[in-house]
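Q: Following this message is one structure expressed as structure tokens.
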Amino acid sequence: MGGRRSLRRAAFSPACLLFAVAVLLAMPGLTAARTRRYSFNVTMATVTRLCVTKSIPTVNGRFPGPKIAVREGDTVVIKVTNHINNNVTFHWHGIRQRRSGWADGPSYITQCPIRPGGSYVYRFTVTGQRGTLWWHAHFSWLRATLYGPLVILPPRGVAYPFPKPHREVPLMFGEWFNADPEAVIRQALQTGGGPNISDAYTFNGLPGPTYNCSANDTFKLRVKPGRTYMLRLINAALNDELFFAVANHTLTVVQSDANYVKPFAATTLVISPGQTMDVLLTAAANPSSQAFAIAIAPYTNTVGTFDNTTATAVLEYAAAAAPPRKAAALRGLPLPSLPAYNDTSVVANFTAKFRSLASAKYPARVPSTVDRNFFFAIGLGADPCQSPVNGTCQGPNNTRFAASINNVSFVMPKTSLLQAHYQRRYKGVLMANFPTAPQRPFNYTGTPPNNTFVTHGTRVVPLKFNTTVEVVLQDTSIQGAESHPLHLHGYDFFVVGTGFGNYDASNDTTRYNLVDPVQRNTISVPTAGWVAIRFVADNPGVWIMHCHFDVHLSWGLSMAWLVNDGPLPSQKLPPPPSDIPMCS
């Protein structure tokens with residue numbers, strides 16, 4: 001007995017435990033997670049683009065803002081201090097925020113804004129995600145300049161499911177306004193008309209040589225012949241889906257919205273605001289030119305005005321005998337051929353190629369059965385001119401532009417919905433009666449109804465914990481059919497079906513993909529078409545789903561899911577942090 005006791009003591013001695021931990025940490029894929037800390041100081045900085053010098057909101061004086069780089073399993077702590085005169089919040093776009101909804105960031109949904117001079121610490125753990133996401137302001141139109149990449153690497157020792165690239169480069173697409181974007185949306189909401197369009201598109205904040213005074217404000221990507229590079233593409237534009245191509249180069253798509261996909265080749269990509277893609281570019285062993293143009297241009301079917309310009313960057317091949325170019329110029333550079341701005345067929349063909357990896361290591365856990373079905377008709381609408389808003393009526397037929405889901409235009413509350421839910425104080429804040437389908441069905445993609453006026457309210461859909469949900473998102477032709485990039489906070493979802501025209505449950509469900517549908521957090525509803533998504537409501541909290549065209553969000557194209565607690569302690573929303581901002 002004494003020998004057995006001594007062996008037991010030796011097996012659990014501190015020295016042995018330390019040795020065992022060291023061995024485990026040395027094993028591939030078992031490296032201990034870390035806490036990554038960042039400080040975001042929101043300040044004004046002077047920036048010159050297109051020969052216009054102005055002061056813009058920035059994080060730490062940088063535009064775009066700093067890169068957040070973590071590994072799967074890490075805890076992220078970001079202290080935000082607001083030094084500007086605007087309120088501000090930040091959203092960590094695509095992070096699933098499992099039981100950390102207080103850190104999600106949309107203003108008046110999960111928190112009240114950080115007021116001038118205030119601060120707030122966002123804390124969350126990255127669980128089950130790897131790839132490219134991004135962060136941005138989530139208050140009014142401040143994300144025009146307040147954005148940056150969020151890169152999630154696999155745990156140490158865990159390889160990519162594709163050949164490791166020589167180098168990884170975040171490439172953020174943005175929109176530049178010579179005017180103050182806050183003044184642009186403020187004027188639009190006052191007049192009731194559409195907002196003024198942007199003046200340029202940008203690559204990592206640089207417009208490139210197609211714009212006035214911008215030859216030296218050109219992003220350059222230097223590559224070595226024969227090497228493979230991973231471009232982490234992020235569309236941070238406010239209001240435009242974008243075509244993307246690199247002249248004379250084929251790209252391989254390997255990830256979308258921080259989820260691996262079955263690799264496929266493409267020469268032209270389309271990426272919606274909010275979406276991310278990782279693509280592999282292999283530099284030619286014997287390039288036909290020392291430099292090639294990289295280009296982005298809009299895809300849209302809007303009946304209104306839009307920024308119909310093309311931005312360019314430069315792919316430069318490193319060559320020992322040739323000096324680097326001092327300034328980028330399009331003269332003599334091979335240019336990519338981009339589709340027409342309204343080429344929906346190119347978009348549909350590209351989108352149809354996305355499939356989940358659906359491997360043993362990265363399975364596609366798409367719900368095979370559904371507890372609750374929803375049908376959301378989304379699109380534009382109008383408010384009558386006698387609207388109580390103090391302004392004019394420059395929308396169609398002397399109305400004011402509005403946007404809605406199931407004819408409900410979302411009204412931003414004056415307090416945080418998540419705080420109201422946690423305190424169970426709903427009266428005067430929200431109503432849990434968001435319609436599960438349009439109250440008056442119509443020919444959604446045909447002739448619009450005579451009455452296009454919307455209703456208004458802060459209405460949510462309550463869900464029991466662990467409910468499996470299917471939502472059909474149907475575009476409408478009211479004020480003109482156009483695609484809408486819908487983003488769901490707090491969750492990824494599976495895209496199980498899509499098509500053009502009006503959704504027909506009796507026929508369209510038979511064509512669903514329940515084997516390897518792509519998993520995303522942002523999906524573009526096709527122009528005059530529909531898309532069906534599924535997710536499991538296993539994350540308690542209040543989660544907004546909205547169009548990622550900021551003008552449509554400003555007009556009310558959003559709604560919220562209220563997911564109740566589960567029975568176990570690990571399935572309940574924790575209390576709010578002590579420093580969470582309060583509404584005035």
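Q: Which percent, nearest 5, of DSSP beta bridges in the chain are antiparallel?
A: 70 percent
Q: Using only alpha carbon pairs under 8 Å that are at least six residues apart, calculate the relative contact order of segment 443-532 and give it in whole percent.
A: The normalised contact order for segment 443-532 reaches 40 percent.
Q: What nm value, rounded to one decimal, do you get for the distance between residue 433 and residue 39 when each label is placed 7 Å out toward the C-beta?
A: 5.1 nm
Q: Further, regarding this structure: Over 18 Å between Cα atoms, which of 224/262; 427/464; 164/353; 262/353 qualify?
A: Checking Cα-Cα distances, 224/262; 427/464; 164/353 exceed 18 Å.
Q: What do you reckon, how do 272, 570, 337 stack up by accessible area (1.4 Å probe), largest on top?
A: 337, 570, 272
Q: While we're on this one: Over segment 58-203, what is the relative contact order in percent, taking alpha-carbon pairs closer than 8 angstrom and at least six residues apart?
A: This gives 26 percent for segment 58-203.
Q: So what J values fall out for segment 371-381 if you push phi through Karplus, 6.51 cos²θ - 1.76 cosθ + 1.60 with θ = phi - 60°, rounded to Hz, Gly and Pro as x?
A: 3J(HN,Hα) across segment 371-381, in whole Hz: 7, 9, 10, 10, 10, 10, 8, 10, x, 8, x.
Q: Continuing with the same structure: For segment 140-280, what does the relative contact order come out to in percent, with C-alpha contacts under 8 Å and a separation of six or more?
A: With pairs under 8 Å counted, the relative contact order is 24 percent.
Q: Also: Against the 2.2 N^0.38 Å scaling, with N counting residues, where does segment 45-182 land? I'd like the Cα-based Rg ratio to two decimal places.
A: Normalised Rg, Cα atoms only: 1.13.
Q: Sort 371-381, 286-296 for me by packing, meaning the mean count of neighbouring Cβ atoms within 10 Å per residue, highest on top.
A: Averaged packing, sorted descending, gives the order 371-381, 286-296.
Q: Also: Can you run phi through the Karplus equation (6.51, -1.76, 1.60; θ = phi - 60°) for segment 559-576 and list ³J(HN,Hα) in whole Hz, with x for Gly and Pro?
A: Karplus-based 3J(HN,Hα) across segment 559-576 equals 7, 9, 9, 10, 9, 6, 5, x, x, 8, x, 6, 10, 10, 5, x, x, x Hz.
Q: Let me ask another. Stokes-Einstein D for the chain at 10 °C, 1.306 mPa s, Kirkwood Rh over Cα pairs, in µm²/s?
A: Rounded to a whole number, D works out at 63 µm²/s.
Q: With a 1.4 Å probe and all protein chains in place, put 168, 482 in order of accessible area, largest first.
A: Greatest to least solvent exposure: 168, 482.
Q: Sorted by average packing, counted as other Cβ atoms within 10 angstrom per residue and highest first, what order do 232-245, 463-476 take?
A: Descending mean neighbour count gives 232-245, 463-476.
Q: Amide H neighbours of residue 529 under 5 Å, at least 5 residues apart or on other chains, H built in the peptide plane: list them.
A: HN-HN under 5 Å from residue 529: 475, 501.
Q: Along the charge dipole of the chain, Cβ charges K/R +1 and D/E -1, which of 233, 512, 435 sits furthest on the positive end?
A: In the chain, that residue is 233.
Q: Under a 5 Å amide H to amide H cut-off, with H placed in plane at 1.01 Å, what residues pair with residue 241 once short-range neighbours are removed?
A: 299
Q: Given the alpha-carbon gyration tensor of segment 416-525, what are the semi-axes of its equivalent ellipsoid in whole angstrom, ordered largest first, with each equal to the square root of 5 times an eigenvalue?
A: 27, 22, 13
Q: Which residues does a label at residue 360 reach in segment 253-289, if reach means a backbone N under 20 Å from a point 7 Å past the Cα toward the Cβ?
A: 260-263
Q: Can you send over the carbon and sulfur percentage of the accessible area for the chain, probe radius 1.4 Å, protein chains only?
A: With neighbouring chains kept in place, the figure for the chain is 53 percent.
Q: Label point 7 Å out from residue 167 along Cα-to-Cβ: which residues of segment 126-150 have amide N under 20 Å?
A: 132, 149-150
Q: Now for a different question. Assuming R0 = 41 Å, what is the FRET efficiency of residue 510 and residue 570, from their Cβ-Cβ distance, to the nearest 0.05?
A: Computed FRET efficiency for residue 510 and residue 570 comes out at 0.60.
Q: Using θ = phi - 60° and the Karplus curve 6.51 cos²θ - 1.76 cosθ + 1.60, what whole-Hz ³J(HN,Hα) does each residue of segment 280-293 get, with Gly and Pro shown as x?
A: 9, 10, 9, 5, 5, 5, 10, x, 7, 8, 6, 8, 9, 7
Q: Still on this structure, I have one more. Only four residue types carry charge here, +1 at the Cβ of Lys and Arg and -1 at the Cβ of Asp and Glu. Report the dipole size of segment 345-443 about the Cα centre in Debye, rounded to the nearest 20.
A: About 400 debye.
Q: Here's another thing I want to ask about it. Could you list which residues have their amide H under 5 Å from that of residue 465, counting only those 5 or more apart in sequence or on another chain, with H placed in the peptide plane?
A: Correct list: 564.
Q: I would also like to ask the following. Modelled label-to-label distance, residue 227 and residue 343, 7 Å Cα→beta-carbon offset: nm?
A: Simple spin-label model gives 3.1 nm for this pair.
Q: Next question. Tell me which of 305, 250, 385 sits at the most positive position along the dipole axis of the chain, charges placed on C-beta atoms (Lys, Arg +1; Asp, Glu -1).
A: After comparing all options, I get 250.
Q: Based on Cβ point charges of +1 for Lys and Arg and -1 for Asp and Glu, what charge dipole magnitude is obtained for the chain about its Cα centre, in debye rounded to the nearest 20?
A: 2540 debye
The values are calculated or read from the model by the stated rules, or taken from the named source; none is laboratory data. Worth saying up front: this structure is predicted, and the values here are computed from it rather than measured. Here Cβ is always computed from backbone atoms with ideal geometry, including for glycine, and neighbour counts include all displayed protein chains. Protein only, heavy atoms only, side chains kept; ligands, DNA and RNA dropped before computing areas. Shrake-Rupley method; radii C 1.70, N 1.55, O 1.52, S 1.80 Å.
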